[in-house]
Amino acid sequence: MLQKLMSVLALALVAGCTTTPEASKALTQNLPALSFYYVPPGKTLLRQCQDMALAGEQCVGNTLASSVYQKALQDSGKFPWVGQDENTDYLLTLATAGTEKTPWLSAQMVLSWRGIPIQSYILKRQPTYSAWTPEEASARLIERFLDQVNEDGLFSASFLANKLGSEDYEDDFHAPDRVSAFELKDKVIYNDPLQGSMLTYQDPQFGADRIEISVYPIPTSDIKDTPAVLSSEANKLRANLNGFVERHKLPPLLMTENKPLSWHAKDKEYKGYYVDAVIDSTDTDPFYAAYFFFVQEDKIVKFTTTFPASYAMDFVKETLPQMQVPQESVFLSKLRAMPD
């Protein structure tokens, strides 16, 4: 059991005990959890339906139970969870208008992110003389919706960034593909613009040697006091790791104080802090990690390594001057200007 918990701690040391939000990767896109609600159709939707309905047929709203459409979304296999939860980032509302034979001739689907509408679709279908089963009706509508999801990249980070006016980490975040022996293996862009992006570098000859670089907005409205910002981030990390160790009754975690680091490169001075962490036990091999914190533009740049800081200095000093992070977006500027 101790060895298993120590392995978990090793991952926590690398991740900094942060949760992993939904992410959009370069080659594969995992759709997020989706909250789904039925809403009554408006007059326009009902009128569109009536214009298409067969002679003598009357259009009515939401003829099928919402559970039928929810099941179709779940059965698509695209979403890890579909249900009703106001705390889910993404919310899909559906309103339909149809006839007795054709449960929907017109439908409106609105996707929102944290209460902000980001896309709306009006989907139409010609009437049929043969009645649809509820399963056929719901499956065809959800298929149409998923076609739009794929066509528009509806749940991608870049789509959300464009709609919100937030940072575009796909186009505006750049870092070297290789630094010394370390190769860039992965770039994750979180759907949540407040989580930013993460790069993973790995040494091909030593698979356990890994460096992660996280770039995310400074989580306060005061972005000018760099020492205070960096100290706060380092202290949050320390509290998270110590809390993990205490909860799981693991051997003591040793962490250094915030150590200042500075150097000059490309006619610019770089300043930050770093922290070394180690957990050592007579029952297992020691686990090491190091964390480096910097500010670029209005972003935190955090380096996380699976080895002591002394072995990562050259990588950090070579990589940071080559990085380009997104500038402050309109979205974040407005967010920071809001009263606390």
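No lab work stands behind these numbers, since they all come straight from the coordinates. Please read all numbers here as calculations on a predicted model, not as lab measurements. Here the Cβ positions follow ideal geometry from the backbone for every residue, glycine too, while neighbour counts run over all protein chains shown.
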Among Leu94, Leu335, Pro41, which residue has its Cα furthest toward the positive end of the charge dipole of the chain, with +1 on Lys/Arg Cβ and -1 on Asp/Glu Cβ?
Pro41
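What value, in deg cm²/dmol to 500, does the helix sum -39500 (n - 2.57) over DSSP H runs of n ≥ 4 give at 222 nm once divided by the residues of the chain? Don't jump to the answer; show the numbers that get you there.
Details: 8 runs with 98 residues, N = 340.
-9000 deg cm²/dmol, from helical runs alone.
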Tell me, what is the percent relative contact order of the chain, built from C-alpha pairs under 8 Å that lie six or more residues apart?
16
Listing Ile118, Ile189 from the residue with the fewest other Cβ atoms within 10 Å to the one with the most, what is the order?
Ile118, Ile189
Between region 127-175 and region 302-329, how far is it from one alpha carbon centroid to the other, in angstrom?
35
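Past 24 Å, Cα to Cα, is the threshold; run Lys163/Lys236; Lys224/Lys266; Lys163/Lys302 against it and keep the listed order.
The answer is Lys163/Lys236; Lys163/Lys302.
Can you sort Phe307, Phe155 by how many other beta carbons sit within 10 Å, fewest first?
Values: Phe307 17, Phe155 25.
By the 10 Å Cβ count, ascending, the order reads Phe307, Phe155.
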Using Cβ contacts closer than 10 Å as the measure, can you line up Trp113, Trp132 from fewest to most?
Trp132, Trp113
Mean shadow area (nm²) of the C-alpha convex hull around region 34-155 is 7.1
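Could you grab the relative contact order for region 34-155? Cα pairs under 8 Å, six or more apart, rounded to a whole percent. Please list the in-between numbers first.
Working: 215 pairs, mean separation 33.3, N = 122.
So the answer I get is 27 percent.
Per the Kirkwood formula on distinct C-alpha pairs, the Rh of region 62-116 is how many angstrom? Let's see the in-between values first.
Values: mean 1/r = 0.0805 Å⁻¹.
12.4 Å is the Kirkwood radius here.
Report the extension gain between Glu246 and Ser67 in nm, rounded to one decimal, defined as 0.36 nm multiplied by the number of residues separating them, less their alpha carbon distance. Mind dumping the intermediate values first?
On the way: separation 179, 0.36 × 179 = 64.44 nm, distance 4.35 nm.
Here the segment from Glu246 to Ser67 would lengthen by 60.1 nm.
Given that compact globular proteins tend to follow 2.2 N^0.38 Å, what is the ratio of the alpha-carbon Rg of the chain to that value? Don't skip to the end; give the middle numbers.
On the way: Rg = 25.2 Å, N = 340, 2.2 N^0.38 = 20.2 Å.
Taking N as the residue count of the chain, the ratio is 1.25.
With charges only on Cβ, +1 for K and R and -1 for D and E, what is the dipole size of region 34-155 about its Cα centre, in debye, rounded to 20?
On the way: 10 positive and 13 negative charges, 54 e Å.
It works out to roughly 260 debye.
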